[in-house]
Amino acid sequence: MMSPLTKRLPRLLKDGWAKYIVVFMVMVLLIGIVSGMLVANKSMIHALEENKEELNQEDGHLELAYEASDELVEAMEQYGIRIYYQPYMQFDEDNDLDGEADGEVRVYIVSDTDKIASGEEVNGIDVIKGELPDDEAEIAIDRMHADNAGIKVGDEISLNDKLYKVTGLIARVDYSTLHKKATDFMFDALTFDVAVVTEEEFNSIEGKLYYQYAWKYNDPPQDEKEEIKVSEKLMGNLVTEIERYDNQLLDYAPSYANGAVQFAYDDLTGDLTMTTVIMIIFEVVLAFIMAITTSNTITRESAVIGTLRASGYTRMELTIHYISVPVMVTLLAALVGNILGYTCFKDVIVGMYYNSYSMPNYDTIWNARAFIESTVIPLVVMFAINIIIVGRKLRLSPLKFLRHDLSTSKRKKARRLPRWSFINRFRLRILLSNAVDFIVLFAGLFLCMFLMFFTFALPGTIDHYKDTVVDDMFAGYQYVLKSPVDANGQILETSASGAERYAAANLVTDMKYKKGESIAVYGYEEGSSHFDLPYDLEKDEVYVSSAFADKFKLKTGDSIRLKGEFDDSTYEFTMKGVFEYCGSCSIYMPIDNFNIIFGNEEGYFNGFLTDEPIEDIDEIYIMSSIDKEDLVSIANQLDHSIGGYMRYFSFACVAISLLLMFLITKIIIEKNAVSISLVKVLGYLPGEVASLYIMASSIVALFSMIISLFLSKALAGILFDIFLKEYDGYFPMYVQESKYPLILLLNIAAYALVAIIDYSRIKKIPMTDALKNVE
Amino acid sequence: MSDDIKKFLEISNIKKGFGQGDSRQEVLRGMNFEVAKGEFCVLLGPSGSGKSTLLNIIGGIDKADSGYIAINGDKLEDMNDKALTLYRRKHLGYVFQLYNLIPNLNVKENIEVGSYLSDSPLDIDELLNTLGLWDHRYKLPNQLSGGQQQRTSIGRAIIKNPDILLCDEPTGALDYNTSKEILKLIEDVNQKYGNTIIMVTHNTELQHMADHTIKLRDGLVRKNIVNENKVSVDQLEW
Ligand SMILES: Nc1ncnc2c1ncn2[C@@H]1O[C@H](COP(=O)(O)OP(=O)(O)OP(=O)(O)O)[C@@H](O)[C@H]1O
Ligand SMILES: [Mg+2]
């Protein structure tokens, strides 16, 4: 039988409509975002995994200094792999046709769809827009780069002094992010592009050829652990063969270690738990707000409840009655949230992914996990918290309800307070008797500020990195040579200003804090102007870049264990001091020591540091060069991918904290409406009433904000370290000092708005409330 | 009694109605009477006769449709919200039927709510003793009996030694003996501090303890009686 109480439900809904609407909106937002995020995410992962199969993604690739002979290919293939030749060329790209290079483009030969399907070729292409090139002077370029650079199908771009018509925007399966080098920390879609042209076109282009070979395992490894083992063994074998055939291994990139393949996938499969957890905490806060609202209604209606209980209604019936409105609001929010989640929120998130990654086409797929995390969990949280709090409250005896004595504590007398002025004691009483509401307020504010802190910390960190990495650069230009001598055995020289030889090698860490992080080892010349470091060091003494020292928490005197990147050799150094360089984890030693340690001939070097570009050395001897632009391009990319969104997010955070403060102060004022009305009747001026009832909230809000800010900073630092440990390289979390007051001010401004609303709420409470004698 | 004193509180042609159109109800239909300073005045009348409505208008909480209230010649009608608040603050004390204490303040603090409003409040400890609340001063309202709550409420009203004490059925929710105690207390206050008291009640017997009784019916003053030989509430039975 339907309880006659049901008739009261519309009234309950009407009484608290403003709160229910706010809670409803926030819940729709949370549920929508979580489900949108999870659905988008799962759909993307699905698309990536499907493409990996269908477009025959490589298991890895390597790069040789010279073209591999058939014998070498055959020799390599005996180790259980199939080799696919996929050469590329790299040019400056001029996409606004102003004659200036806007970035670099890596050009491959367009793959053949049938051959991809039959497995004769690897690394197929997903065409996002337009079509593949099939004629001279036609090109298809990476979709994400095109978006970033504002290139559309049909536009023309110039490379190698030739105009090409862009026929299509594509995503190559081996470039889900535009990592220039497999080991780059970050991709660069702003100034780096991957493109395909027809085979005839490719062969007709004049330019330096890069000898890249992809491979696929005949027996694919079962999991990543096995893959690592197999690929490490494979590398040893390949190095032997390559040397036997007088070639040189320049790059070895198994897929699991290839950023271009792995970065997006890792990102998609990685960071969602944190977000979901934050959302769930938000939902807990909301559930508490609902529960508090309900329990205030119960307090207000305690006489009715007492009478109903006394006349035979069960606790269960009343509990169901009082939680049914919150439950209905939640259910409705879940429904609307899911609809939005699968539509516009999903589109927003997908947009974010497309804004960062070269994603293939995708289909939206239904996702059980999304449903559980976005909908089932919030519902359970809402029900559980409401049932517990409301149920507990209703457990009191009917007599207590009739007496309006709903305190659950056994305390007979009121807490004694310090000898403050009456007004301050009054405020303290308000604070104490509304403690639960204030705790919820604190929790909510903390969450908002924590998230907001990140929205400032991420761009702040990127900018800081950008600033310091340029300041710290040891030279304007850094060149890596293929060998120190030219084809005639002459030692390479340059007259570029500030030119200085150096030697560099790559090792990986073998340390307790983290194994396998790539470390650049530099040997510098005596009296180096680029490295202001002493030369008379013991063989095992090294200087350590500040990035390395900070990340691994190293102090002078600590020992540093490294091992070979491609072999089993091990090295042990002692840290002599810090060299201020935040761009990479590296160590520095005199070049003589370097050559002894790495078994090089005396006088060996493999690069130049200069103040201006080198023009007097033939490009064929140069393996790579780095200048300021290359370093900041990482930061620019990050800025581009996340910077813009962060501003929206920080406003979203302020908006949510505003709504929370609005809700909770509203609840507090409603709860105290009779008292407020009473003191007005007694002759308290509006300002005095506000100073009592708003001041208590203000103090809590302000303290919550300040404490939250400090807590956020500490917590974010810890989380950031954990996050960075996973990746190579280091940049410390950085928030400009001026941002702290800004974060505070934004929230205080939001609170001020709420306080103004509160003030008018208080003013509006009629004095007759106190006289109605209803209670 | 001289005219001057008589004019301390003037209720002049007060009219008040509620509602619109058909459901319009004229509650007060031209009330006229005066209360002298220091007088103990009782308002009698059947339920619904507009006693509380009148008291609210005197208290500046509600506004009359026409007519005016004047205290010492100052008309409430001419005052803005702030002036009305200051009027209540300076001149008025309230005692309600259901006590209306602030639930999260203890007894002493509830009384301090009143003393805060006065520049020269009575001594609170002495008052707590007078009210018989000394032992209960740290209790919260919901830990008190009805009588104790009402005494607290009286304490809150009189600690600022108001010119006028408005009591709306102060004993309406109390038993016979407790009611008597409370009435005795109000009587003592009137005698000790000389406050003007306007007390609304159903109990016709109480007119004998008053200096002045106003009987209302159908929105008009039906009787305005000055009682020359009042007796103490101790001697009344009902
Ligand atoms: N805010 C209001 N809106 C509409 N009608 C009202 C309002 N306040 C009072 N009334 C009406 O005015 C009339 C007088 O009410 P009032 O409370 O003054 O009576 P009373 O004499 O105090 O009665 P009681 O002895 O029961 O307390 C009643 O009929 C009541 O319904
Ligand atoms: Mg009344």
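Points worth noting:
- Any pair with Cβ under 7 angstrom, 6 or more apart, that starts in segment B:17-28 at a residue that is free of Cβ contacts under 8 Å to residues at least 12 places away in the same chain and ends at one that is of a type in the set (A, V, I, L, M) and surrounded by 12 or more Cβ atoms within 10 Å (Cβ to Cβ): B:Phe18/B:Val27
- All conditions but one from (1) part of a strand (DSSP E or B); (2) closer than 25 Å to A:Asp251 by Cβ; (3) under 35 Å from the mean Cα position of the chain (by Cα) apply to A:Val166; the one that does not is (2).
- Flag if B:Glu237 is free of Cβ contacts under 8 Å to residues at least 12 places away in the same chain, of a type in the set (D, E, K, R) and either within 16 Å of ligand 1 (Cβ to nearest atom) or part of a loop (DSSP other than H, G, I, E, B) (or both): no
- Number of the condition not met by A:Met27 [criteria: (1) surrounded by fewer than 22 Cβ atoms within 10 Å (Cβ to Cβ); (2) modelled with pLDDT under 90]: (1)
- Unmet criterion (only one of (1) surrounded by fewer than 22 Cβ atoms within 10 Å (Cβ to Cβ); (2) free of Cβ contacts under 8 Å to residues at least 12 places away in the same chain) for A:Gly683: (1)
- Annotation: of all residues in segment A:686-733 being hydroxyl-bearing (Ser, Thr, Tyr) and surrounded by fewer than 18 Cβ atoms within 10 Å (Cβ to Cβ), the one that is nearest to the chain's Cα centre (by Cα) is A:Tyr727.
- Any chance B:Ile164 is more than 9 Å from chain A (Cβ to nearest Cβ), under 20 Å from A:Ser675 (Cα atoms), crowded, with 20+ Cβ neighbours inside 10 Å and of a type in the set (A, V, I, L, M, F, W, C): no
- Subset of segment B:42-84 [away from ligand 1 (no atom under 15 Å from the Cβ) and either in contact (Cβ under 8 Å) with a residue 24 or more places away in the chain or of a type in the set (Lys, Arg) (or both)]: B:Gly60, B:Ser66, B:Gly67, B:Tyr68, B:Ile69, B:Ala70, B:Ile71, B:Asn72, B:Gly73, B:Lys75, B:Lys82, B:Leu84
- Within segment B:186-201, considering residues that are more than 16 Å from ligand 2 (Cβ to nearest atom) and of a type in the set (S, T, N, Q), the one farthest from B:Leu9 (Cα to Cα): B:Gln191
- Scan segment B:74-86 for residues that are surrounded by fewer than 18 Cβ atoms within 10 Å (Cβ to Cβ) and more than 15 Å from A:Glu688 (Cβ to Cβ) and the total you get is 7.
- Segment A:41-77, residues that are more than 23 Å from A:Asn218 (Cα to Cα), touching a helix residue (DSSP H, G or I) at 6+ places or on another chain (Cβ under 8 Å) and surrounded by fewer than 20 Cβ atoms within 10 Å (Cβ to Cβ): A:Ile45
- Qualifying residue in segment A:516-528 (condition: closer than 23 Å to A:Gly603 by Cα, among the β-branched types (Val, Ile, Thr) and not in a strand (DSSP E or B)): no
- Of all residues making up segment B:180-200, the number that are among the hydroxyl-bearing types (Ser, Thr, Tyr) and either buried (at least 22 other Cβ atoms within 10 Å of the Cβ) or within 14 Å of chain A (Cβ to nearest Cβ) (or both): 1
- Residues that are farther than 23 Å from B:Asn227 by Cβ, touching a helix residue (DSSP H, G or I) at 6+ places or on another chain (Cβ under 9 Å) and within 12 Å of ligand 1 (Cβ to nearest atom) do occur in segment B:25-35, at least one of them.
- Within segment A:716-775, tally of residues that are within 16 Å of ligand 1 (Cβ to nearest atom), part of a loop (DSSP other than H, G, I, E, B) and of a type outside the set (Val, Ile, Thr): 5
- Qualifying residue in segment A:655-667 (condition: among the hydroxyl-bearing types (Ser, Thr, Tyr), away from every other protein chain (no Cβ under 14 Å) and in a helix (DSSP H, G or I)): yes
- Some residue of segment B:33-47 being over 16 Å from the mean Cα position of the chain (by Cα) and either among the basic types (Lys, Arg) or closer than 26 Å to B:Ser120 by Cβ (or both): no
- Screening segment B:31-45 for residues that are among the aliphatic types (A, V, I, L, M) and assigned to a strand (DSSP E or B) and picking the one that is farthest from ligand 2 (Cβ to nearest atom) gives B:Val35.
The values are calculated or read from the model by the stated rules, or taken from the named source; none is laboratory data. Being a predicted model, the structure only gives us computed values, none of them experimental. All Cβ positions, glycine included, derive from the backbone under ideal geometry; neighbour counts span all protein chains shown.
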